[in-house]
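Below is one structure, written out as C-alpha cells; comments come after it.
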Amino acid sequence: MDTLFCLAAATTLLFVKGQSYDDLDRLEKQLFPNYSSTWRPVRNHSHVTNISIQFTISSLVSMDILNEQIVNKVILSLSWYDQFLVWNSSEYGGTEKITPRRGTVWEPMLLVPNAIQQWDMAADATASLSVGSTGLVILSLGGPLKTSFPVDMRKFPFDTQTISISLYPVQYDENEVVFSVSQDYGIPDSLRSHGEWTIKSSSFEAVMSGDYCGVEFRMTIQRKPIFYILSIILPISLLSFLNMVVFAVPAESGEKLSFSLTTMLSLAVYMSFVSQIIPNKSVPLSFMAVYLASVLCLSALAILATVFVLRLYHKPETETPPFWMTQILCVNRAASEAKVTYRDVSAKLDVVFGVMFGLLATLAVGTQVYVMQ
C-alpha cells in the first residue's frame, strides 16, 4: 500500500512539474558531452567571471589562545553564471534546475591564507551544487575551518581579539575572477550568546592582495572578564594587601616571617596559573604579567623588611639603638629616664612598613585598573 502511495505521489509530481526522466536525460546529453570543468565557463576568456559569496559563521567550536588558533564552523555559498549551462526549460518539460555531481561543473578553488589546515572543498560531503536554466550555479559548503589569528593580551582579561578569514581564488587574478560580497553574511544568536566572548563588530568586504581579488570576513570579539576578576584579579589584590598585614603580627608570636613566605608562595602559584593562560610573547606584553611581577616584588621586599624588623627585635636589651635611628623614626619614651630599646624601634618600623606597603599595594592596583581602561 505504501509503495503504491509513493508511486502515485511521484507520478503526480512529475505531472505537475511537466518533466520526466527522459527530459533530464536529453538535457544532460545536450549540456555535458563537450563540457569541460577545467576552464572558466565563459565563451570569451577576456571576460571576467563574477562570483558572489555569502559567508556565515554558525558556531565557534574552539579557541586556543596559547597557540593563537581558532576553529569556526562556517557556511559558505558561492554563485556565478556558467555560459555553457543554459537551456530553455519549456523544451525539457519545464526543468528549471538540475543538481549534477561535484566535479562535472567548473568550480573555483579557494585559498584561505591564514588557515592551519586548508579546507578541502572537493572532499566536502555536505556540499550541494545546483544549476539553473539561466546558467546560475550555486555551490553551498559547510564545515569546520581552523585558522590562526594574532593574539593581543595586553589588557587581559579585558582584552579584545580580531579574527579574520580571507578567501582568494587559486590560479585566477583580478582579470579572470572577481569576488563580490553578498550582504547576507551573519552571526547567529548562538554565537552572540557565547559564554566567554561577546561580539563587538563584524564585517565582510572585498579586498585586494596584489593581483588577486578576494573577500575578507573580520570579527572583533571581547572577553567577558567576570570569571577572571573573581578567580585571578580579586585574590591577587587581596594577597598584595596581606603584605601590609604581616607587620601587624607580633614579633614574639614567631609567625611573622612564615606569614610573609606563605603570601609570596601564594602569589607564585597564581603566576604559574596565569602563565598557562597567556601566550609566551614579549611583544605585546600583558599588563597582568607586569602586575603580577610587581606584586611578587613587593612581597619579596616585605620579606626583607620583616627579616630586618625581627633582627632588630631580637637584639639584646642591653644594646642601645643609634641616636639618628630614634630621631628618624621619632621613637621616644614618655619618661625621660626610660631607655629606648631596639624593640621600640622594631615596633615603630612595623607601623612605617605597614603604611608603606599598604600605599604601594594601592598604587599597584590603581595602576592596573588605569592601564586596562
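When the residues of the range 95-128 are filtered to those that are at pLDDT 85 or above and hydroxyl-bearing (Ser, Thr, Tyr), the one that is nearest to the chain's Cα centre (by Cα) is Ser128.
Please state which one of Val355, Val309, Val351 is closer than 30 Å to Tyr270 by Cα, open to solvent by less than 80 Å² (accessible area, probe 1.4 Å) and assigned to a helix (DSSP H, G or I).
Values: Val355 fails: open to solvent by less than 80 Å² (accessible area, probe 1.4 Å); Val351 fails: open to solvent by less than 80 Å² (accessible area, probe 1.4 Å).
Sole residue among the options that is closer than 30 Å to Tyr270 by Cα, open to solvent by less than 80 Å² (accessible area, probe 1.4 Å) and assigned to a helix (DSSP H, G or I): Val309.
Would you pick out the residues in the range 286-306 that are in contact with a Lys or Arg (Cβ under 7 Å, 6 or more places away or on another chain) and either outside any helix (DSSP H, G or I) or open to solvent by 40 Å² or more (accessible area, probe 1.4 Å) (or both)?
Of all residues in the range 286-306, those in contact with a Lys or Arg (Cβ under 7 Å, 6 or more places away or on another chain) come to 286-287, 306.
Result: Ser286, Phe287.
Within the range 345-361, can you find the residues that are in contact (Cβ under 8 Å) with a residue 60 or more places away in the chain and over 18 Å from Ile328 (Cβ atoms)? Within the range 345-361, Phe357, Gly358, Leu360, Ala361 meet the criteria.
So that you can scan it fast, the table gives a plain yes or no per residue for (1) modelled with pLDDT of 85 or more; (2) in contact with an Asp or Glu (Cβ under 7 Å, 6 or more places away or on another chain); (3) part of a loop (DSSP other than H, G, I, E, B):
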position: Glu28; (1), (2), (3): yes, no, no
position: Thr38; (1), (2), (3): yes, no, yes
position: Val42; (1), (2), (3): yes, no, yes
position: His47; (1), (2), (3): yes, no, yes
position: Ile57; (1), (2), (3): no, no, no
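Restricted to the range 143-160, and to residues that are in contact with a Lys or Arg (Cβ under 8 Å, 6 or more places away or on another chain) and not in a loop (DSSP other than H, G, I, E, B), which residue is farthest from Pro279 (Cα to Cα)? Restricting to residues being in contact with a Lys or Arg (Cβ under 8 Å, 6 or more places away or on another chain) and not in a loop (DSSP other than H, G, I, E, B), the top hit is Gly143. Number of residues in the range 224-248 that are over 26 Å from the mean Cα position of the chain (by Cα) and open to solvent by 30 Å² or more (accessible area, probe 1.4 Å) equals 6. Among the residues of the range 257-265, none qualifies, meaning not one is open to solvent by 70 Å² or more (accessible area, probe 1.4 Å), within 30 Å of Pro150 (Cα to Cα) and part of a helix (DSSP H, G or I).
Return yes or no: is Arg101 basic (Lys, Arg), open to solvent by 50 Å² or more (accessible area, probe 1.4 Å) and either farther than 30 Å from Asp173 by Cα or not in a helix (DSSP H, G or I) (or both)? Before you say what the answer is, go through the steps one by one.
Values: basic (Lys, Arg): yes; open to solvent by 50 Å² or more (accessible area, probe 1.4 Å): yes; either farther than 30 Å from Asp173 by Cα or not in a helix (DSSP H, G or I) (or both): yes.
Judged against the criteria, Arg101 is a match.
The listed residues are Val170, Val131, and the only one of them that is open to solvent by less than 30 Å² (accessible area, probe 1.4 Å) and more than 11 Å from the chain's Cα centre (by Cα) turns out to be Val131.
All of (1) surrounded by 15 or more Cβ atoms within 10 Å (Cβ to Cβ); (2) part of a helix (DSSP H, G or I); (3) modelled with pLDDT of 80 or more hold for Ile277 with one exception: (2).
So, Val74, is that one among the hydrophobic types (A, V, I, L, M, F, W, C) and at pLDDT below 90 or not? It would help to see each step written out before you state the result.
Values: among the hydrophobic types (A, V, I, L, M, F, W, C): yes; at pLDDT below 90: yes.
Judged against the criteria, Val74 is a match.
Every listed requirement among (1) open to solvent by 50 Å² or more (accessible area, probe 1.4 Å); (2) over 30 Å from Thr162 (Cα atoms); (3) at pLDDT below 90 is met by Gln19 save one, (1).
Taking the condition in contact with a helix residue (DSSP H, G or I) (Cβ under 6 Å, 6 or more places away or on another chain) and modelled with pLDDT under 90, does Pro169 pass?
Values: in contact with a helix residue (DSSP H, G or I) (Cβ under 6 Å, 6 or more places away or on another chain): no; modelled with pLDDT under 90: yes.
For Pro169, the condition - in contact with a helix residue (DSSP H, G or I) (Cβ under 6 Å, 6 or more places away or on another chain) and modelled with pLDDT under 90 - is not met.
The values are calculated or read from the model by the stated rules, or taken from the named source; none is laboratory data. Keep in mind the model is a prediction, meaning the values are calculated, not measured. Reconstructed Cβ throughout: ideal geometry from the backbone, glycine too, with neighbour counts over all protein chains shown. Keep in mind that these areas ignore ligands, DNA and RNA; they rest on the heavy atoms of the full protein, side chains included. Shrake-Rupley method; radii C 1.70, N 1.55, O 1.52, S 1.80 Å.
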